[in-house]
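Q: One structure is given below, represented as structure tokens, and several questions about it will come after.
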Amino acid sequence: THTPPESFSRGATITLDLTVQNTTPDSISARLHYRPVNQAESYKEIDMQNTDAGFQATISDDDTSTPYPLQYWFELRTASGHAWFWPGLDADLSNQPYFVMPPTNSD
């Protein structure tokens, strides 16, 4: 599970939490993929850290100094190599396979 923040403050860090049910933190790893909603920019990746509740990653203040919303999703991987994105696509391919967070303040 993940509750996306409603927005972010430009130039401030963002901490994102992810809880994975029915598994132990040692049997799975998580990585955050993100970028501004600007196709001229490349995606960045952060390995998420294990926490008591699941996983956590922080997007730096340098990466939030943008007038664009941020889009992101999670990559999950088991120790045996099985991997998937969350929120991935539904069977009918009709959903948005990423989260979007707008900035609260702009110039």
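The values are calculated or read from the model by the stated rules, or taken from the named source; none is laboratory data. Just so we're clear, the structure is a prediction, and the values are computed from it rather than from any experiment. All Cβ positions, glycine included, derive from the backbone under ideal geometry; neighbour counts span all protein chains shown. Only protein heavy atoms, including side chains, enter the accessible area calculation; ligands, DNA and RNA are left aside. Shrake-Rupley method; radii C 1.70, N 1.55, O 1.52, S 1.80 Å.
Q: What is the residue count in the stretch 52-94 for residues that are without any contact (Cβ under 8 Å) to a residue 40 or more places away in the chain, of a type in the set (S, T, N, Q) and either touching a Leu at 6+ places or on another chain (Cβ under 9 Å) or open to solvent by 70 Å² or more (accessible area, probe 1.4 Å) (or both)?
A: 2
Q: Spot the failing condition for Pro5; the list is (1) open to solvent by less than 70 Å² (accessible area, probe 1.4 Å); (2) over 16 Å from the mean Cα position of the chain (by Cα); (3) under 16 Å from Pro87 (Cβ atoms), and only one is missed.
A: Checking Pro5 against (1) open to solvent by less than 70 Å² (accessible area, probe 1.4 Å); (2) over 16 Å from the mean Cα position of the chain (by Cα); (3) under 16 Å from Pro87 (Cβ atoms), the one that fails is (2).
Q: Starting from residues that are farther than 16 Å from Phe85 by Cβ and in contact with a strand residue (DSSP E or B) (Cβ under 6 Å, 6 or more places away or on another chain), keep the ones in the stretch 14-35 and report whichever is modelled with the lowest pLDDT.
A: Pro25
Q: Find the residue count for the stretch 14-60, including only residues that are over 13 Å from the mean Cα position of the chain (by Cα) and aliphatic (A, V, I, L, M).
A: Total meeting the criteria: 5.
Q: Oh, and also: Just to confirm my filter: which strands (runs of 3 or more DSSP E) fall fully inside the stretch 18-100 and include at least 1 residues that are aromatic (Phe, Trp, Tyr)? Can you show your working first?
A: On the way: elements: 28-36, 44-47, 55-59, 70-78, 83-86.
Hits in the stretch 18-100: 28-36, 55-59, 70-78, 83-86.
Q: Would it be correct to say that Gly11 is buried (at least 17 other Cβ atoms within 10 Å of the Cβ), at pLDDT below 95 and either more than 11 Å from the chain's Cα centre (by Cα) or of a type in the set (Phe, Trp, Tyr) (or both)?
A: no
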